[in-house]
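The numbers here are math on the coordinates, done by the rules we state, and not lab data. Quick caveat: nothing in here was measured; it's all calculated off a predicted structure. Backbone-built Cβ (ideal geometry, glycine too); neighbour counts: all protein chains shown.
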Amino acid sequence: MEQNSAATTLWRMWVDPVRRIVSFHEEKDCQLLEFRSHELFLNCVDQYAGRQFRYQ
């Protein structure tokens, strides 16, 4: 059985700054952001929420 270690786990989000959308699945015309740290990923989520981006 294969196990993911913290070093290989990626958290991803796709961002469209024009439409102010953050998506947690691949979305056309959005920029992919990848994080190796869950803490940094959550920090980024909080920052976009504070800027009133819509999540989908």
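Report which label in (1) 1.04; (2) 1.09; (3) 0.99 holds the value of Rg/Rh (Cα atoms, Kirkwood Rh) derived from the coordinates of this structure.
Checked against the structure: label (1).
Under a point-charge model restricted to the Cβ atoms of Lys and Arg (+1) and Asp and Glu (-1), what is the dipole moment magnitude of the chain relative to its Cα centre, in debye to the nearest 20? Show your work: numbers first, answer last.
Details: 7 positive and 8 negative charges, 52 e Å.
Charge dipole, the chain, about its Cα centre: 260 debye, nearest 20.
Calculate one ³J(HN,Hα) per residue across the stretch 42-56 by plugging θ = phi - 60° into the Karplus curve 6.51 cos²θ - 1.76 cosθ + 1.60, and present them in order as whole Hz with x for glycine and proline.
5, 4, 5, 4, 4, 5, 5, 4, x, 8, 6, 6, 8, 9, 9
Give me the number: length gained by fully extending Asp29 to Gln52, i.e. 0.36 nm times residue separation minus the C-alpha to C-alpha distance, one decimal in nm.
6.3 nm
How much length would be gained if the chain were fully extended between Arg19 and Arg36, taking 0.36 nm per residue of separation minus their Cα-Cα distance, in nm to one decimal? Intermediate results must be reported in sequence, preceding the final value.
Working: separation 17, 0.36 × 17 = 6.12 nm, distance 2.59 nm.
Going from the current span to full extension adds 3.5 nm.
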